[in-house]
Amino acid sequence: MRIVRIHIDGFGKLHQFDLQLKEGMNLVIGANEAGKSTLHLFLRSMLYGADKKRRNGQTSAYESMRPWKDPHEYGGRLEIEEDDGSRWMIARNFDRAANDLEVIGITEKGRKTLSSEEGAAVLQRLLKSLSETAYVNTVSAGQLSAATERGMSQELRRYAANVSTTANPELNADRAIELLREEKKKLEASLDPEAAREYTGLVSAARKLEENLDRPEYENNILNITESGRRAEAAAEKLGEQLRNEDAAVQERQELLTKYGLGGRDLIEKTRAGVLQDYGRWQVLTEQLSHKRSPLSLLLIVIAVIFGALAWKFRAEYLFVIFLICAAGCLAAALMILYARSRTEDTKETLEEQLQEEFLRYTGSKELNEDTLHLFENRMYDLRKAAEELETARSRQGALQSEMDRLGEEQKENRTRLDQQREAKAKVEDGLRELNSMQAEAAALRRKLSTNELLRDRIEALDLAIETMEQLKDGIGSAVGTYINKEASRMVEGLTGGAYTSVNAGKQYNISLNSHDGMIPIESLSAGTADQVYLALRLATIRFITGEEDAVPLILDDSFALYDDDRLRKAVRFLAENYRGQILIFSCQHREEEALQEEGLPYHLIAI
């Protein structure tokens with residue numbers, strides 16, 4: 001993309017400021033405090049929004065850049081052109097609390113303002129999905145002697161890992177691994193390590209108790225009663241599940257009918273019939289009113305006027321009364337015809353409002369047509385079917401409840417029989433109660449064991465996922481480092497005229513150069529050479545993130561302050577020959593202009 005035109009309504013000291021740029025090299029020269037850095041910050045704010053965060057207790061950039069002359073004229077616009085000729089206007093009003101971005105498409109037919117979501121997507125595409133952190137640390141540079149911001153290496157590795165593993169720059173592999181580990185900790189905390197030991201001890205104790213109770217003298221009574229109770233309990237549990245399912249079915253259909261205020265099939269059918277009848281009446285009235293107004297009323301009015309004229313003409317004769325009565329009769333008849341039509345229109349309007357209300361309630365549309373009527377019929381069919389299913393479900397619900405009551409009575413009878421033998425067989429009954437308690441506790445422990453097994457399976461799966469993600473991330477990091485080192489090495493060799501042949505940036509951006517005398521750490525180089533290395537790293541990084549087309553404008557704000565004249569000439573030539581996108585150089589001196597002239601390179605000079 002290329003920035004064609006800049007207009008600033010108000011931003012810092014700049015007010016009603018216009019600037020036109022060209023493709024290729026643009027040199028913006030101005031004295032200190034002329035507004036170059038303000039213009040640089042304006043471009044960043046237009047692309048990513050104003051920075052409202054306070055850092056170390058200092059005033060935010062958003063507050064410090066509020067216009068001096070008119071605080072409420074805070075914003076501006078950029079006109080951007082793509083390689084295919086598409087043109088866009090990016091406008092922001094920073095005085096708004098939110099939604100300050102406006103993206104406008106410019107074509108030969110005119111201008112079209114995009115929605116907030118469409119505008120944000122277009123801007124993201126123009127920036128090649130470049131985040132603000134990556135933008136600040138690559139194409140938007142101040143003096144390059146200052147190391148890149150702390151977040152750049154993390155941003156680069158995050159972006160590369162996300163694109164390579166998910167095809168989405170917003171999905172972060174490190175964060176994914178962290179979340180997997182957090183989930184694993186939660187699962188491990190949910191394990192019950194004592195469940196297996198407790199279950200084994202409980203089963204052993206229960207078996208001993210059963211053996212003690214399984215004596216011949218109690219076999220014909222207690223065991224039979226207990227078995228009957230168990231069968232009843234199992235049947236009750238099964239019926240309870242069925243009853244809960246029926247309850248859910250009843251509730252679901254009841255909620256559907258309640259939503260529309262319909263209690264049953266009769267009311268549904270009555271509602272349907274009423275709406276169909278009203279719709280038919282509305283169609284008839286619509287057809288009647290579609291004809292032009294009857295000429296009879298107009299004819300009667302004309303005749304009334306004629307009789308009135310005749311009455312006036314013969315006002316002194318006996319014909320005056322006859323003509324006057326005829327005129328009044330014709331006029332009254334015409335008014336009655338008009339009144340009848342008005343009543344018909346009122347009736348149609350009332351029916352139309354009622355039908356729109358009903359159609360909106362049941363179909364979500366207020367349109368009065370056959371399609372909406374068909375939707376209404378379908379909804380009525382669904383509601384009638386739901387009512388029928390509700391009646392069926394309630395019937396099954398009643399049958400299940402009756403069976404549950406029967407089982408309850410059966411269990412009650414079993415308890416009564418046990419109570420009758422309590423005095424003679426107290427020891428057996430106590431044992432049975434203890435055994436039942438053990439069985440309930442054993443069931444709970446079995447559920448814990450089952451849960452533990454499921455948790456361990458999930459923990460093993462998480463371990464495998466974490467291991468796989470880490471292997472993928474390590475492989476990606478190696479590939480990213482190889483690409484950036486290779487691309488930066490080519491640029492450093494060109495910038496230094498072959499004095500240094502390669503550059504190596506480690507995982508923490510510890511940088512060293514390969515010269516004819518061996519590897520030299522960046523700390524041992526001159527400030528000018530270090531600046532050249534950082535410029536190469538920035539360009540290599542932006543090419544890795546956005547591709548080879550250099551699609552985002554490169555902005556250098558007093559970036560060559562530490563370059564001597566020879567380095568400066570090499571730098572501007574290297575940029576002109578190697579960066580295929582638009583370049584903006586801000587400077588308070590004319591050294592860059594002289595270097596461009598000496599190298600015979602084309603450029604667009606702008607003085608502010």
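Rule-based calculations on the coordinates, nothing more; no lab input. Remember, it's a predicted structure, so these values are computed and weren't measured experimentally. Every residue, glycine among them, receives a Cβ derived from its backbone with ideal geometry; neighbour counts consider all protein chains shown.
The slack in the chain from Gln439 to Glu467, taken as 0.36 nm per residue of separation less the alpha-carbon distance, amounts to 5.9 nm. You can think of it this way: the chain between Met336 and Ser64 has 90.3 nm of extra reach, that is 0.36 nm per residue less the Cα-Cα gap. Phi angles across the stretch 407-412 convert, under the Karplus curve 6.51 cos²θ - 1.76 cosθ + 1.60 with θ = phi - 60°, into 3J(HN,Hα) values of 5, x, 5, 5, 5, 4 Hz, Gly and Pro given as x.
In this calculation the C-beta distance from Lys486 to Glu577 is compared with R0 = 25 Å, giving a FRET efficiency of 0.85. Distances between placed amide hydrogens fall under 5 Å for Asp95 paired with Tyr74, all partners being 5 or more residues away or on another chain. Listed values for the stretch 308-315 are Karplus-derived 3J(HN,Hα) couplings in whole Hz (6.51 cos²θ - 1.76 cosθ + 1.60, θ = phi - 60°), namely x, 5, 5, 4, 5, 5, 9, 5, and x replaces Gly and Pro. Summarising the label geometry, the points placed 7 Å from Cα in the beta-carbon direction at Leu276 and Ile608 lie 7.4 nm from one another. Simple spin-label estimate for Ala499 and Arg343 gives 10.5 nm between the two label positions (7 Å along the Cα-to-Cβ direction from each Cα).
The 3J(HN,Hα) values that the Karplus relation (6.51, -1.76, 1.60; θ = phi - 60°) gives for the stretch 252-266 are, in residue order, 4, 6, 5, 5, 4, 5, 5, 4, 9, x, 10, x, x, 4, 4 Hz. Gly and Pro appear as x. Set the Förster radius R0 to 56 Å, insert the Cβ-Cβ distance between Glu598 and Arg175 as r into 1/(1 + (r/R0)^6), and round the FRET efficiency to 0.05. Here the calculated transfer efficiency is 0.65. Straightening the chain between Leu454 and Glu377 buys 22.8 nm, computed as 0.36 nm per residue apart minus the Cα-Cα spacing.
Amide H contacts of Gly24 (H built 1.01 Å from N, in plane; Pro and chain starts excluded): Gln582, Ile583 sit under 5 Å, all sequence-distant by 5 or more or on other chains. Residues whose amide H falls under 5 Å from that of Ala34, counting only those 5 or more places apart or on a different chain, are absent, with hydrogens built in the peptide plane. Between Lys385 and Lys208, the modelled labels are 6.2 nm apart [label points 7 Å from Cα along Cα→Cβ].
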